[in-house]
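Peer 1: My questions all concern the structure below.
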Amino acid sequence: MLYPAVLAFFLVLNLVTRAPAQEDYATYPLAATGYTSIKVFDKQGRFVGRLLPERRYWVPIGRIPVFLQKAVVAVEDARFYEHGGIDIRGIARALVKDVVKGKMVEGGSTITQQLIKNRYLSSAKTIERKFDEARMAMEFEKKYTKQQILEMYFNEIYYGNNAWGIAQAARIYFDKNPEDLTDAECALLAGVPKNPSRYNPLGKGANVTQRRDVVLKRMVELNMITPRRKQSLRAQRVTFMQHRAQQYLALIRAKLIERYGAEVIEQGGLEVTAALDLKLQKEAEQALADGVKRISPRMQGALICLDPATGDVLAAVGGVDAGKSSYNRAFSAKRQPGSAIKPLIYAAALEKGITAGSIWNDRPVAYNRGNNETWKPLNYGGKEYGDLSLRQALAYSNNVIAVKVLEAIGVPYFTEFAGKMGLPLRAQNGLSLALGTDEVTLNELVQAYTPLATGGMRSEARTIIRVYDRRRHAWMEYPPAITPVLAPAAAFVTTQMMKDVMTYGTAKTLRKFSQKRPSAGKTGTTDDYRDAWFIGYTPQVITGIWVGYDKPRSGGKGFTGGTAAAPIWERFMRQAVASKPAADFPMPDGVVSVAIDLATGFLATAECPSKHYEFYIAGTEPSEFCPAHGGAEPKPEPVPVSPVSPPSTEGGI
């Protein structure tokens, strides 16, 4: 039979003598003593997490606790110090079980064999692989001492959660160097190699403690510890380092590397105060996950929340499964913004002298694209609404009028304007830019909205506020990066127009929220319902939402910024502003308000049936009375009066 022959082969191999090696066998750089990880705290001083080196490091056996060495030997290979690489008793026991089962089910592997398998071989359960493993284990035992083999084992074995070797395991789970581990922590780690995904310290508590108890029980059986010591270790509370806001921590890592180089992570020793609000981050993760799941479990989404005055990134979620994927859709994914681009076009138009009360017609126009091709932009649903004020056109997200406004101000002017706002756009896209055909990230779009919320000041996204170097006892500050890019009056008037989006426009489901919290925003939906956006803000907080599939495809009819993204925005923003006073956007100097005829845009007369107080940049307000209703009265003095929303009509997206 095969199995007795195999057993005899192993017996012969086991007679080989050992001649310990003297050469350096470490395969990774030596782990520095005294290393401390980079610790990250939110702006309130709450601990968020740590940034750990990604490289693997080697720890000599003298820095690995003796208790951990004993625990691993007890549970993995009790005869480790007696055999010559293979355990004949263990092999015989395993072979019997394999014969009974009719296949390879029991390994019978020693620590040396496990080291060989992890370092050189596959995990395939075949007789051939076991032969190779046994032969190489014998050769190892001839070449290296038991302590050398044990050292290699601890530095090569996998501990789950991308922790290869004891150095990474001690850091990831306990934020310690191996020599600083307690006996209770060692007992937990000793049980991990059996099944790293199941028994790692961050796994299911019942599984982890059950495996630890197996380790301690085996140590008692081998007289390594007393039963009393076992009970004492079982009673000790062990604290694990939890992983929170992982994608935000990735942003911190990237920013530190950008500024100081990749070695900063390997060196450690820093304390970072992030712009993050940990409470809001949790709310953001939950709101996004629940909101997207409500639409489709296969969809993805992103959320970013800024303090518009400083650019502080209060929360950033790059996907509904942040724990499973490191891809940050808030900062990296480029998608078409659709109608969410329109507020920037209208802000640019205001600076060019076009007014919120000006009247535009949405009769379709065909544009020559060259090569005998024409382009005819249409409204959502192909509807026509006739004459609309610029304010109404924005609220209803009228496509045709947006294209006509862009044509009036010029594409080169607008792309230059958008660039100042922080949004890089390509002029070669032409008038289709009015429909959001150029691709942007959610972060870029939200930053471009900050001047609208702040009275003209663009705030760059800031993830780090300050860094403390524990070695040098020195602070490094990251001040806000704020640049004036828009006239305060233009920012204010644009914001007043965007308020209507939330009261009677494409995001009218947010009407109750906006009545309690003065706010402005804009929906965005791309062709074929592939992307849904909502960017909205109060004077204190700006938040952007994107929802869609990673591989762009239609979300189905009705999948719009107003129906998909706006509800997520509202749920999150209720929490984001809960502790802040309700405040309106302050009106700057250079803004006037006059009563106009809603249908004509001229100054209202007593006979005008539909009057509306509209805001203007001083000097652009109408100077003539409505010719349709008498228009011969003297021009009144402009007064600052809050605008009255015009009556609702159907609109675009």
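The values are calculated or read from the model by the stated rules, or taken from the named source; none is laboratory data. Because the structure is predicted, anything quoted here is derived from the model rather than measured. Glycine also receives a Cβ, built like all others from the backbone with ideal geometry; neighbour counts cover every protein chain displayed. All accessible areas refer to the heavy atoms of the entire protein, side chains included, with ligands and DNA or RNA removed. Shrake-Rupley method; radii C 1.70, N 1.55, O 1.52, S 1.80 Å.
Peer 1: With Arg391, Arg369 as the choices, which residue is assigned to a helix (DSSP H, G or I) and basic (Lys, Arg)?
Peer 2: Working: Arg369 fails: assigned to a helix (DSSP H, G or I).
Just a single option satisfies the conditions, and that option is Arg391.
Peer 1: Also: Specify the residue that is least open to solvent (accessible area, probe 1.4 Å); the eligible residues are those in the stretch 331-353 that are more than 14 Å from Asp531 (Cβ to Cβ) and part of a loop (DSSP other than H, G, I, E, B).
Peer 2: So, considering only residues that are more than 14 Å from Asp531 (Cβ to Cβ) and part of a loop (DSSP other than H, G, I, E, B), the one least open to solvent (accessible area, probe 1.4 Å) is Gly353.
Peer 1: Separate question: Identify, please: which residue in the stretch 143-194 is of a type outside the set (Gly, Ala, Ser) and touching a Gly at 6+ places or on another chain (Cβ under 8 Å) and is, among those, nearest to Gly34 (Cα to Cα)?
Peer 2: Asn177
Peer 1: Within the stretch 401-425, how many residues are under 19 Å from Asn368 (Cα atoms) and surrounded by fewer than 23 Cβ atoms within 10 Å (Cβ to Cβ)?
Peer 2: The qualifying residues number 7.
Peer 1: Does Trp569 satisfy the condition of being under 30 Å from Pro588 (Cα atoms) and either of a type outside the set (Asp, Glu) or not in a loop (DSSP other than H, G, I, E, B) (or both)?
Peer 2: Against the criterion (under 30 Å from Pro588 (Cα atoms) and either of a type outside the set (Asp, Glu) or not in a loop (DSSP other than H, G, I, E, B) (or both)), Trp569 qualifies.
Peer 1: Sticking with this one: Scan the stretch 247-287 for residues that are closer than 16 Å to Ser332 by Cβ and either touching a residue at least 40 places away in the same chain (Cβ under 8 Å) or not hydrophobic (A, V, I, L, M, F, W, C) (or both) and report the count.
Peer 2: Residues meeting the conditions: 9.
Peer 1: Which one is surrounded by the most Cβ atoms within 10 Å (Cβ to Cβ) among residues in the stretch 452-483 that are in contact with a Ser or Thr (Cβ under 8 Å, 6 or more places away or on another chain) and in a helix (DSSP H, G or I)?
Peer 2: Looking at residues that are in contact with a Ser or Thr (Cβ under 8 Å, 6 or more places away or on another chain) and in a helix (DSSP H, G or I), I get Leu452.
Peer 1: Report yes if Ala309 is in contact (Cβ under 8 Å) with a residue 40 or more places away in the chain and surrounded by fewer than 21 Cβ atoms within 10 Å (Cβ to Cβ), otherwise no.
Peer 2: On the way: in contact (Cβ under 8 Å) with a residue 40 or more places away in the chain: yes; surrounded by fewer than 21 Cβ atoms within 10 Å (Cβ to Cβ): yes.
In short, yes.
Peer 1: Quick check on the stretch 209-243: of everything there that is under 23 Å from Asp77 (Cα atoms) and outside any helix (DSSP H, G or I), which residue is most open to solvent (accessible area, probe 1.4 Å)?
Peer 2: The extreme case among them is Asn223.
Peer 1: Could I ask something else about it? Let me spell it out: the conditions are (1) at negative phi; (2) in contact with a Leu (Cβ under 7 Å, 6 or more places away or on another chain), and Arg471 meets all of them except one. Which number is the exception?
Peer 2: Among (1) at negative phi; (2) in contact with a Leu (Cβ under 7 Å, 6 or more places away or on another chain), Arg471 violates only (2).
Peer 1: Taking the residues in the stretch 263-291 that are within 12 Å of Leu51 (Cα to Cα) and not in a helix (DSSP H, G or I) as candidates, determine which candidate is most open to solvent (accessible area, probe 1.4 Å).
Peer 2: Once the filter is applied, the top-ranked residue is Glu271.
Peer 1: Looking only at the stretch 584-607, count every residue that is open to solvent by 10 Å² or more (accessible area, probe 1.4 Å), assigned to a loop (DSSP other than H, G, I, E, B) and under 23 Å from Ala628 (Cβ atoms) and tell me the total.
Peer 2: Residues flagged as open to solvent by 10 Å² or more (accessible area, probe 1.4 Å), assigned to a loop (DSSP other than H, G, I, E, B) and under 23 Å from Ala628 (Cβ atoms) within the stretch 584-607 amount to 8.
Peer 1: Search the stretch 569-585 for residues that are in contact (Cβ under 8 Å) with a residue 60 or more places away in the chain and among the β-branched types (Val, Ile, Thr) and pair each with any residue that is part of a loop (DSSP other than H, G, I, E, B) and open to solvent by 40 Å² or more (accessible area, probe 1.4 Å) when their beta-carbon atoms are under 7 Å apart and the residues are at least 6 apart or on different chains.
Peer 2: That search, which allows pairs on different chains as well, returns Val577/Arg517; Val577/Gln540.
Peer 1: Restricting attention to the stretch 515-523, does a residue exist that is at pLDDT below 95 and touching a Phe, Trp or Tyr at 6+ places or on another chain (Cβ under 9 Å)?
Peer 2: no
Peer 1: Can I ask one more? Inside the stretch 107-135, can you point out the residues that are under 15 Å from Tyr158 (Cα atoms), at pLDDT 85 or above and aliphatic (A, V, I, L, M)?
Peer 2: Ile111, Leu115, Ile116
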